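Chemist: Okay, here's the structure, questions in a sec.
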Amino acid sequence: MFRLEVSAEDLLRTRFALSPLTELTRLLRLLSGGSRSALSARWVNRLEPAYRCLLRETDLHAVLALESAHSGVGFINQPPAGMAQTWPDDLAAIQATPPRQARQEIDQWLAGHPVRDQRSLRVLRGTDPVDRIAHALDQAWHALLAPLWHQLRAICDYDVVHRAGRLSQFGWAAALDGLHDGVRWHDGAIELKGDPTRDPVSLDGDGLLLVPSVFVWPGLVVHVDQPWPKALIYPARGVAAIWETSFDADPEALHALIGAARARLLTALEQPATTTQLVALLGMTLGAAGRHLAVLREAGMVNRARMGRSVLYRRTPLGDALAAVAVSKTPTARTARASRDTSAASHA
């Protein structure tokens with residue numbers, strides 16, 4: 001166990017961030033043979049074919065040579081800047097890595113993690129490892145995570161809405177409640193159980209970076225050394241439920257199950273919204289929207305969280321799963337995907 005010592009100034013400077021890159025690298029570690037405790041058999045079966053294809057046809061094997069179950073080379077494990085972080089942001093940061101820095105990090109990694117695969121060594125010892133690694137990660141992103149990102153991001157976003165509200169209103173103890181079994185607020189500090197005993201670490205008035213994650217579940221990642229700021233990567237609330245998501249549901253069943261009006265509300269909650277905003281968007285009466293939201297909330301499809309004077313409604317993982325399937329399988333979505341596929345084929 002060790003402690004992160006917190007001051008009043010740290011509370012003001014604590015912030016949240018979302019990291020597509022962190023989610024991708026953690027997923028790749030899981031698929032490459034590390035612990036798959038965070039992946040259900042359904043998800044493994046869905047992602048495995050694309051993952052195997054990437055290993056055969058891209059330089060992903062070289063990326064995996066720079067990753068272990070618990071760590072990886074710095075320039076492909078960079079900290080996120082904030083909640084607006086996107087995959088293009090992460091990709092640009094990797095591509096901007098100075099060649100000398102990349103060479104130094106790769107050589108240091110290989111010195112401690114010998115690689116015998118000659119294909120990987122040719123990439124890592126070549127003249128353009130950053131470009132080839134960035135390209136392989138971009139291919140992996142679009143094949144594995146891009147189709148799911150809307151749903152996964154929604155889970156992390158809602159966690160932040162919930163936890164940021166508790167942090168600002170009630171302090172550290174409330175914000176850390178339920179964050180992870182190995183984390184607690186005690187005697188003016190954040191205590192982390194299960195880690196090797198070490199001297200207390202002060203946040204030094206810089207605050208803590210809190211990063212909700214889908215693929216870190218059921219574990220926890222603690223950063224206290226550069227180049228990361230002091231940070232916790234923790235399982236987002238409700239993440240366990242996503243492993244039960246069905247990928248073959250019929251979108252028409254959503255209307256039959258909950259009714260057209262509630263289905264419209266559920267799909268409209270792509271971002272957190274107030275009742276008034278939903279009324280304006282969907283043309284419902286305030287009373288009807290309130291009644292439908294109450295039913296959806298009782299059914300576990302939406303939650304609500306107070307932000308200042310407003311009450312924001314947000315889909316739960318169950319609501320996201322239903323809405324994502326309904327949207328992804330509409331004729332419009334299928335036509336859009338077909339158009340993209342045709343365009344990609346014409347440029348091949």
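Chemist: Would you say GLY74 is over 26 Å from VAL123 (Cβ atoms) and not hydrophobic (A, V, I, L, M, F, W, C)?
Modeler: Considered against the rule, which asks whether it is over 26 Å from VAL123 (Cβ atoms) and not hydrophobic (A, V, I, L, M, F, W, C), GLY74 comes out as no.
Chemist: Continuing with the same structure: Within region 207-221, which residues are closer than 15 Å to VAL6 by Cα and within 17 Å of the chain's Cα centre (by Cα)?
Modeler: Across region 207-221, the qualifying residues are LEU209, LEU210.
This table checks each residue for (1) assigned to a helix (DSSP H, G or I); (2) under 19 Å from the mean Cα position of the chain (by Cα).
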{"residue": "ASP10", "(1), (2)": "yes, no"}
{"residue": "LEU27", "(1), (2)": "yes, yes"}
{"residue": "GLY33", "(1), (2)": "no, no"}
{"residue": "ARG52", "(1), (2)": "yes, no"}
{"residue": "ARG56", "(1), (2)": "yes, no"}
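Chemist: Identify all residues within region 27-38 that are at pLDDT 65 or above, buried (at least 19 other Cβ atoms within 10 Å of the Cβ) and in contact with a Leu (Cβ under 7 Å, 6 or more places away or on another chain); write none if there are none.
Modeler: Hits for region 27-38 are LEU27, LEU28, LEU30, LEU31.
Chemist: For region 60-67, state whether one or more residues are within 21 Å of the chain's Cα centre (by Cα), in a strand (DSSP E or B) and in contact (Cβ under 8 Å) with a residue 40 or more places away in the chain.
Modeler: Taking every residue of region 60-67 in turn, at least one turns out to be within 21 Å of the chain's Cα centre (by Cα), in a strand (DSSP E or B) and in contact (Cβ under 8 Å) with a residue 40 or more places away in the chain.
Chemist: If you don't mind, there's one more thing I want to ask. Let me confirm something: among GLN271, GLN226, which residue is at pLDDT below 90, in the same structural domain as VAL302 (by TED's automatic domain parsing) and assigned to a loop (DSSP other than H, G, I, E, B)?
Modeler: Within the list GLN271, GLN226, the selection yields GLN271.
The values are calculated or read from the model by the stated rules, or taken from the named source; none is laboratory data. What you see is a predicted model, and the numbers here were worked out from it, not measured in a lab. Backbone-built Cβ (ideal geometry, glycine too); neighbour counts: all protein chains shown.
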